[in-house]
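The values are calculated or read from the model by the stated rules, or taken from the named source; none is laboratory data. Remember, predicted model here, so these are calculated numbers, not experimental data. FYI the Cβ positions are ideal-geometry reconstructions off the backbone, even for glycines, and counts take in every protein chain you see. Just so you know, the surface numbers come from the protein's heavy atoms only, side chains and all, with ligands and any DNA or RNA stripped out. Shrake-Rupley method; radii C 1.70, N 1.55, O 1.52, S 1.80 Å.
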Amino acid sequence: MISNTEGTFFLTGKDFVNAGKASSRLKKVLENLGLPPGIIRRASIAAFEAEMNTSIYAVAGIMHYYITPETIRVEIKDMGPGIEDIALALTEGYSTAPDYIREMGFGSGMGLPNIKKNTDSLTITSAVGEGTTLDFVINLTGTSEGAEHDTERNC
Amino acid sequence: MILSEIADNLSLEIKTEGVDLGREVTGGYVSDLISDVIGNAHEGFIWVTFQVHLNIVAAASLKNLAGIILVRNRIPDEETLKRASEEKIPIMVTPLPAFEVVGRLYDLGLRCQ
Amino acid sequence: MTLHEITSMLGAVLLSGTDDLDIIVEQAYCADLMSDVLYCSVSNSLLITHLTNAQVIRTAHIADLKAVVFCEDKKPDAVTINLAEKKGIPLLLTGLSMFDACGLLYEKGLRGCLILKTNDLEY
């Protein structure tokens with residue numbers, strides 16, 4: 001049985017060397033809890049994409065995780081420009097990233113769709129000029145690992 | 001090998017109208033980085049990419065590439081397709097990922113160097 | 001295909017990450033956009049890329065990729081190599097273009113991560 005575990009990482013914007021560090025540490029936490037690899041991969045990918053968004057667009061942010069025997073819940077709150085049209089931002093291929101971000105391997109408009117694909121629920125709240133909060137949940141019970149979110153066959 | 005043979009061989013879907021598929025393809029390049037393509041691709045090459053930004057047309061046109069293959073069913077927006085038709089750059093789409101597309105082009109004899 | 005076989009096919013050098021070249025990679029993914037890699041690659045595959053920044057290593061680590069091949073003799077900086085060392089991700093460097101590297105590996109039998117949408121063509 002997994003005991004309740006929670007923690008917080010601080011995220012720094014525009015820091016590409018360290019961007020991804022928090023997700024890496026989250027992955028370690030999940031591994032230490034002995035969760036199935038498929039679940040760990042999904043949660044880590046979703047957290048990483050959200051962290052990269054913070055790094056690309058925001059000044060700073062916070063990643064908070066809360067793990068129970070039933071779910072992994074991660075909230076990423078950033079101090080960024082906010083998203084004007086969330087439905088549009090969730091469209092595959094839509095991106096407002098500048099050219100230099102694309103040349104660094106990001107900004108292809110796949111980040112949010114990728115988070116959605118790997119999670120069981122995703123809530124995005126955003127205020128233009130203030131920031132964006134992503135809240136996602138991955139279920140640990142009910143469905144077998146990756147049954148509905150088989151990341152290896154379903155994209 | 002000409003473009004239409006490659007399109008037939010890989011079952012590519014042609015997305016641009018009024019472009020010349022009779023052009024000789026001299027080699028292949030795979031990259032999602034536009035600066036890299038501008039720096040390293042050669043005239044007459046076919047370019048394999050996941051990138052759909054409008055700039056792909058400018059890069060292909062600048063380097064006089066034979067065409068662009070978009071992988072994984074990536075759909076360019078209308079502006080990109082319109083510009084590609086104007087610049088006479090064929091854009092073709094495949095469901096295959098880049099590694100598979102490159103492998104098949106290599107099998108057909110295309111090389112980069 | 002083992003990392004040892006891949007290294008010799010590509011005339012590559014090992015930059016970091018392992019002494020164990022008997023590691024087996026099952027499939028390959030070739031891309032420069034990391035979200036594309038995260039979206040579609042599968043665990044235990046090989047990543048072939050032009051990008052040489054630290055995010056490539058983070059992506060490989062997060063997505064459980066087995067190893068990374070850098071092309072055109074574009075060597076990553078020390079920060080990137082150190083990170084790979086820390087995460088235990090083998091890095092290979094080849095002078096071949098990404099096109100020829102992928103082509104060669106394909107010719108020798110390595111296949112891409114084949115991911116089908118249910119309504120995609122069979123291939």
- Please list, or write none, the lysines whose alpha carbon is within less than 30 Å of the alpha carbon of C:Lys86, excluding same-chain residues fewer than 8 places away. A:Lys14, A:Lys21, A:Lys27, A:Lys28, A:Lys77, A:Lys116, A:Lys117, C:Lys66, C:Lys74, C:Lys75
- With a 1.4 Å probe and ligands and nucleic acids left out, the total accessible area lost when A pairs with C, in Å² to the nearest 100, equals 2600 Å²
- Message: Just to be sure I understand the model, the point goes 7 Å from the Cα along the line to the Cβ. What's the resulting B:Ser61 to A:Thr133 distance in nm?
- Response: 4.6 nm
- Report, in deg cm²/dmol and to the nearest 500, the calculated mean residue ellipticity at 222 nm for chain C, where each DSSP H run with n ≥ 4 adds -39500 (n - 2.57) and the sum is divided by the residue count. -9500 deg cm²/dmol
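Per-residue Cβ counts within 10 Å, from other chains only, averaged over B:68-77: what number is that?
On the way: counts 0, 0, 0, 5, 8, 4, 6, 2, 1, 2.
Partner Cβ neighbours, averaged per residue: 3.
What FRET efficiency comes out for A:Thr141 versus B:Glu17 if R0 is 51 angstrom and r is the Cβ-Cβ distance? Round to the nearest 0.05. Walk me through the numbers on the way to the answer.
Values: r = 52 Å, r/R0 = 1.03.
About 0.45, to the nearest 0.05.
Which of the three applies to segment C:1-78, rounded, prolate or oblate, going by the alpha-carbon gyration tensor with a ≥ b ≥ c and a/c under 1.5 meaning rounded? Could you put the intermediate results ahead of the total?
Numbers: a/c = 1.61, a/b = 1.18, b/c = 1.36.
It comes out oblate by the Cα gyration axes.
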- How big is the B-C contact in terms of buried accessible area, both chains counted, 1.4 Å probe, rounded to the nearest 100 Å²? 2600 Å²
- Go ahead and set up a Gaussian network model of chain C, Cα springs under 10 Å, then flag whichever of C:Leu83, C:Leu33, C:Leu65 fluctuates most. C:Leu33
- Partner lysines for B:Lys82 [C-alpha distance under 25 Å; skip if fewer than 8 residues away on the same chain]: B:Lys15, B:Lys63
